[in-house]
Structures are given as C-alpha cells and as structure tokens.
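The values are calculated or read from the model by the stated rules, or taken from the named source; none is laboratory data. Please read these numbers as outputs of a predicted model, since none were measured by experiment. A quick note on method: Cβ atoms are made from the backbone with ideal geometry, for glycine too, and the neighbour counts reach across all protein chains shown.
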Amino acid sequence: MTLFARIFGLNALVLVVAGAALVLTPASIDVDPKAEQVVVLALGIVILLVVDLVLLRGALRPLSRLIGDMRTVDLLVPGRRVPREEHAPRELAELTDAFNDMIDRLEHERQASATASFDASESERLRIARELHDQTSQDLTALVLMLERGDRDGARGLAEEILAGVRTIITELRPDPLEELGLADALRSLCDRAERTGGVPVACSVGEEVPELDGAAQVAVYRVAQEALSNAIRHAHASMITVAFMEDGTLTVVDDGLGLLPGGSEGVGLRGMRERALTVGATLTVDGHAGTGTTVRMALPADGVAG
C-alpha cells in the first residue's frame with residue numbers, strides 16, 4: 001500500500017465512523033441548536049481529531065524512523081546504509097533506496113576525488129624532485145666547480161640561472177602574482193604568459209573593478225583559470241582562448257578546441273577544478289561537445305562577493 005492510500009484510507013475511516021455515529025445514535029442538531037447539542041458536537045469533533053491524530057502518527061512513524069536513520073549516516077564512516085523497513089509504504093521504500101544510491105555515489109566520488117588528489121600530489125612531488133635533481137643539483141655542482149677554479153663571471157651567471165629556475169618552481173607551487181599584483185593583474189599576467197608559452201592567442205577580459213574576495217576565493221579563481229588555460233592549450237589544441245572575470249564573481253574560460261568527448265571520463269585537471277570550486281562554495285560547470293570547443297564557468301556564491 002502506498003503512503004497516499006494509507007493516509008486516505010485512515011481519513012475515510014474516520015469520516016465513515018463519524019457518519020455512522022450520526023445515523024445510529026440519537027444525536028441531532030436543531031436549526032436553532034441548543035447549548036447541549038453544541039457541546040456534544042464540539043466533543044465529537046475533538047474525539048474525531050484525536051483519533052485521526054493517533055492513526056496518522058502511526059501511519060507516518062516509518063517516515064520518522066527513516067529520517068532518524070538518514071541523520072546517522074556519515075560519509076566518514078563508509079559502508080553504512082539505511083535499512084529498508086519491512087511492510088513500509090512503497091514511497092518510503094523507494095526513498096530509502098534512492099538515499100542509499102546517493103550515498104553510494106557520494107562515497108565513490110569521494111574516493112575517486114581523494115585518489116586523484118593524492119595521485120596529482122605525488123606526481124607533482126616527483127616532478128619537482130626530478131627537476132631539482134636533474135637541473136638544479138647539477139647546476140649547483142657546476143657552480144661549486146666554477147668557484148673552485150676561480151671563474152667568478154661564469155659562477156655569477158650560473159647562479160642567476162639557478163635563482164631564476166628556483167623562482168619558477170616557487171611560482172608554480174604558489175601564485176605569487178596574486179600577492180604582488182592582485183587578482184585582476186594576476187589574471188592578465190597569467191593570460192599573457194599562457195599566450196607566450198603556448199603560442200595561442202588569449203583574449204583577457206578582466207574589469208578594473210573586480211569584486212573583493214578573500215584569499216581562498218582569489219586562489220581558487222586563479223587556479224581554475226590556470227588549469228582551464230593549460231587544458232585548452234595542451235589537450236584541446238585550441239587556436240583561440242577567451243578568459244573573462246566579471247564583477248559578479250563569475251570566471252569564464254572559452255576555447256575553440258576539440259571539446260569534450262562523448263562518454264569520456266573527467267581527468268585529474270577537471271576534478272581538481274571542481275574541488276577548488278567546492279572549497280569556496282562556488283559552482284563550476286563545463287559545457288562543450290566534440291569539435292565545438294569547451295566553456296568552463298565558475299560562479300562564486302553571492303554572499304562571498306563583496307559589492
């Protein structure tokens with residue numbers, strides 16, 4: 001029996017009992033009711049309401065238990081599910097199954113996200129370690145040899161190259177332009193650098209009056225723009241990219257590259273952008289079809305954007 005049918009049946013039962021009481025008992029109401037008749041009518045209504053209340057509370061008790069079970073589910077304790085109650089109305093059984101399916105999906109996405117984040121972090125550590133070992137450590141060894149030979153000019157030039165390389169690594173780890181330039185100029189600098197290194201025209205539309213954001217939101221905007229530009233250049237093979245940051249806190253990166261493959265899974269870069277957006281309560285959408293380019297849009301929450 002459905003929940004609707006159960007509630008309708010209980011209310012119909014109450015009404016039938018009330019009608020039977022009027023037919024089978026001497027109770028009646030005159031055109032000009034007397035005080036005793038009004039008291040009897042009011043008492044009858046109260047009794048019917050109490051009976052209806054008791055019956056409905058019993059009918060809806062499985063729903064209350066289901067709500068209580070839902071509140072005990074914790075994503076930090078995987079594998080816990082809401083038990084499906086026997087003889088429960090069909091809607092409650094379907095709601096239980098839908099809730100458990102949602103928890104399954106959330107746990108799977110959480111595990112996939114954590115795995116991707118860990119893999120990306122380990123990959124970045126290996127890349128930095130390899131770069132320091134293959135380039136910086138060898139340059140330092142050469143610098144020591146130059147100093148031993150007394151080649152001060154060569155040592156000075158090599159030291160400057162080493163310093164520039166270390167600064168590049170630091171910049172990749174932390175977006176220093178945000179601290180030095182502010183978000184608007186940092187985005188423009190990012191577009192200019194992507195155009196120079198990637199060889200792809202990048203149109204940057206960033207207004208002078210960008211919204212006032214806290215540090216976490218600024219980093220999120222910068223990193224999402226950085227990752228979207230990198231994807232458009234390295235993977236989408238775009239010939240034109242447009243980056244825009246509006247006063248309402250919306251970042252948009254549009255390219256005319258290969259677009260999204262139908263049925264393709266999200267890569268580490270896209271999952272990373274979604275995680276960045278989630279950390280500041282922003283909404284990230286990725287639209288596009290094969291051969292038509294891709295649009296990445298991140299909208300910051302209204303309460304996180306100062307006017």
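Check 154, 165 and return the single one that is touching a Ser or Thr at 6+ places or on another chain (Cβ under 9 Å) and farther than 17 Å from residue 229 by Cβ.
Step by step, each of 154, 165 is checked, and only 165 is touching a Ser or Thr at 6+ places or on another chain (Cβ under 9 Å) and farther than 17 Å from residue 229 by Cβ.
Could you list all residues from region 79-137 that are free of Cβ contacts under 8 Å to residues at least 40 places away in the same chain, under 26 Å from residue 166 (Cβ atoms) and surrounded by 14 or more Cβ atoms within 10 Å (Cβ to Cβ)?
The answer is 131, 132, 135, 136.
State which residue is nearest to residue 15 (Cα to Cα) when the search covers only region 28-78 and only residues that are touching a helix residue (DSSP H, G or I) at 6+ places or on another chain (Cβ under 8 Å), modelled with pLDDT of 80 or more and among the β-branched types (Val, Ile, Thr).
Selected residue: 51.
Okay, residues lined up against (1) exposed (fewer than 11 other Cβ atoms within 10 Å of the Cβ); (2) touching a Gly at 6+ places or on another chain (Cβ under 8 Å); (3) of a type in the set (Val, Ile, Thr):
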position: 34; (1), (2), (3): yes, no, no
position: 37; (1), (2), (3): no, no, no
position: 41; (1), (2), (3): no, no, no
position: 46; (1), (2), (3): yes, no, yes
position: 51; (1), (2), (3): no, no, yes
position: 68; (1), (2), (3): yes, no, no
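For the list (1) surrounded by 15 or more Cβ atoms within 10 Å (Cβ to Cβ); (2) touching a residue at least 60 places away in the same chain (Cβ under 8 Å); (3) farther than 30 Å from residue 111 by Cα, I need the number of the one condition that residue 55 fails.
Failed condition: (2).
Taking residue 288 as meeting all but one of (1) modelled with pLDDT under 90; (2) surrounded by fewer than 16 Cβ atoms within 10 Å (Cβ to Cβ), write down the number of the exception.
The one condition residue 288 does not meet is (2).
Does region 219-242 contain at least one residue that is surrounded by 17 or more Cβ atoms within 10 Å (Cβ to Cβ), in contact with a Phe, Trp or Tyr (Cβ under 9 Å, 6 or more places away or on another chain) and not basic (Lys, Arg)?
Checking region 219-242: at least one residue is surrounded by 17 or more Cβ atoms within 10 Å (Cβ to Cβ), in contact with a Phe, Trp or Tyr (Cβ under 9 Å, 6 or more places away or on another chain) and not basic (Lys, Arg).
Is there a residue in region 2-14 that is closer than 30 Å to residue 109 by Cβ, modelled with pLDDT of 80 or more and in contact with a helix residue (DSSP H, G or I) (Cβ under 8 Å, 6 or more places away or on another chain)?
No; the residues of region 2-14 include none that is closer than 30 Å to residue 109 by Cβ, modelled with pLDDT of 80 or more and in contact with a helix residue (DSSP H, G or I) (Cβ under 8 Å, 6 or more places away or on another chain).
Can you tell me which residue is farthest from residue 83 (Cα to Cα) among those in region 103-162 that are modelled with pLDDT under 80 and acidic (Asp, Glu)?
In this case the residue turns out to be 134.
What are the residues in region 72-112 that are closer than 25 Å to residue 272 by Cβ and not in a helix (DSSP H, G or I), if any?
Selection gives 75, 76, 78.
Filter region 249-273 down to the residues that are outside any strand (DSSP E or B), modelled with pLDDT of 85 or more and under 22 Å from the mean Cα position of the chain (by Cα) and list them by number.
Residues satisfying the conditions are 249, 273.
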